[in-house]
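Here the structure is laid out as structure tokens; the discussion comes afterwards.
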Amino acid sequence: SGEIEIINTPETFYRTLKQKISAAEKRIFVASLYIGKTEDELIQCISRALEKNANLKVYFMVDGLRGTRESPANCSASLLAQLAKEHNDRVDIRLYKTPEIVGIKEALIPKRFNEGLGLQHMKIYGFDDEVILSGANLSSDYFTNRQDRYYLFKSKEFSDYYFKLHQLISSLSYKVSYSNNTKKYNMIWPKSNSSTEPKIDKKKFIRDCSFKLSKFLKKSNGSNLQDASEYPTVVYPISQFTPLFVKKHDNSTEKPSILKLLSSIHEPTIHWTFTAGYFNMLPEIKSKLLATPSNSGKVITASPYANGFFESRGVSRHLPAAYLYLSKKFLQEVYRHGRESEITLNEWKKGVINKPGGWSYHAKGLWISENGGIDHRPAITVIGSSNYTRRAYSLDLESNAIIVTKDEKLKEDMQKEV
């Protein structure tokens, strides 16, 4: 009890990040899609923490496509390279690049469009023996007016697990150093990495990744689950690393776990809530939700006015309408299954994004109440980076956790969150 804290607002998330960074003594480890190119305050906070504590080391990992999108102008890579320049051997900056972006694809596919091939999408924010799992990236909108979910875990074992995972993916990524060139950074493939560079031998890279990740994901890192009854809460880390596995030998743990979890809903008294800011759920997940006997299912998604792509430039401006169409298709399926009195679709809206006081919605997750009884508060939740889409289960790197609890305080906090 008390080892999981739910953070509810972007502002509190940002304040907590800075507090934990400032107090860190041994390690700060971060995995995110990107860090905003204007996040100087966050970088300065990390820099001050390094100056204050000679034993502190920092490990950063962002996506190699999204993190260099604006290059040679300011980008995540150039911002982080400055940190590496100032603190050198105490800062390890990594850029993960999907093995799909090799050869002619890298040369021909334009920036931004190439991100469609796959991204490092995990959001892991670790400080010593604590770790935050979230869906939020590191830029000003995620700290001010973009609603997401954020769970702080105060557990050495859990933090160690995610640090090992972070280091494993880092060892399959490019290392960034500062350079005086126009980009202000260099990207190299260290000899100490766990495999060969994918553009030199993609097949060997995938084989090596497959072996190392399978070994990692199959190894239990926590307490003996036979003793689980001693604890009010059990947490299962689940991850999706499909692009790094040999085809037909995908040992990712997220997709099978989510489908198994939804298959375990056997009673009409169970309440479930599913949310995704970008509403495009995997067909198998949709089928499972529609097939539950529950008489109280709720889906929450972003209103078009709370979609981060609302009135954006270029092709992406049409995405809110596309998600709205998918919502309509879902409701038609609910109707066809005769479930319209039992499954509802809710649109989240707080003002209009890009207008004064307007917010966007980026939260994703799942909450399920326990079997039997009249307690409809969540006893299970899934927290992390996944959007539960076909893309999440085929192209990107995702990491989440399933929380199963009988802790009254945690149930109450999860109910407030919903």
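The values are calculated or read from the model by the stated rules, or taken from the named source; none is laboratory data. Owing to the predicted nature of the structure, the values given are computational and were not obtained by experimental measurement. When we count neighbours, we look across all protein chains shown, and the Cβ atoms used for this are built from the backbone with ideal geometry, even at glycine. Surface accessibility is based on the protein's heavy atoms, side chains included, excluding ligands, DNA and RNA. Shrake-Rupley method; radii C 1.70, N 1.55, O 1.52, S 1.80 Å.
Observations
- Candidates I343, I380, I374, I368, filtered to the one that is closer than 29 Å to K406 by Cα, surrounded by fewer than 15 Cβ atoms within 10 Å (Cβ to Cβ) and in contact (Cβ under 8 Å) with a residue 24 or more places away in the chain: I374
- Residues of segment 277-321 that are assigned to a helix (DSSP H, G or I), of a type in the set (A, V, I, L, M) and either on the phi > 0 side of the Ramachandran plot or within 23 Å of the chain's Cα centre (by Cα) (or both): I285, L289, A306, L319.
- Boolean, L133 is at pLDDT 95 or above, closer than 24 Å to W189 by Cα and open to solvent by less than 30 Å² (accessible area, probe 1.4 Å): no
- Test set (1) touching a Leu at 6+ places or on another chain (Cβ under 9 Å); (2) surrounded by 19 or more Cβ atoms within 10 Å (Cβ to Cβ); (3) part of a helix (DSSP H, G or I) - K212 fails condition number: (2)
- Within segment 322-340, tally of residues that are part of a loop (DSSP other than H, G, I, E, B) and open to solvent by less than 60 Å² (accessible area, probe 1.4 Å): 2
- Per-region count, segment 184-198, residues more than 26 Å from the chain's Cα centre (by Cα) and open to solvent by 40 Å² or more (accessible area, probe 1.4 Å): 4
- Residue within segment 22-41 that is among the hydrophobic types (A, V, I, L, M, F, W, C), in a helix (DSSP H, G or I) and either in contact (Cβ under 8 Å) with a residue 12 or more places away in the chain or touching a Pro at 6+ places or on another chain (Cβ under 7 Å) (or both) present: yes
- Residue in segment 101-113 that is part of a helix (DSSP H, G or I), under 30 Å from V418 (Cβ atoms) and either open to solvent by less than 10 Å² (accessible area, probe 1.4 Å) or of a type in the set (G, A, S) (or both) present: no
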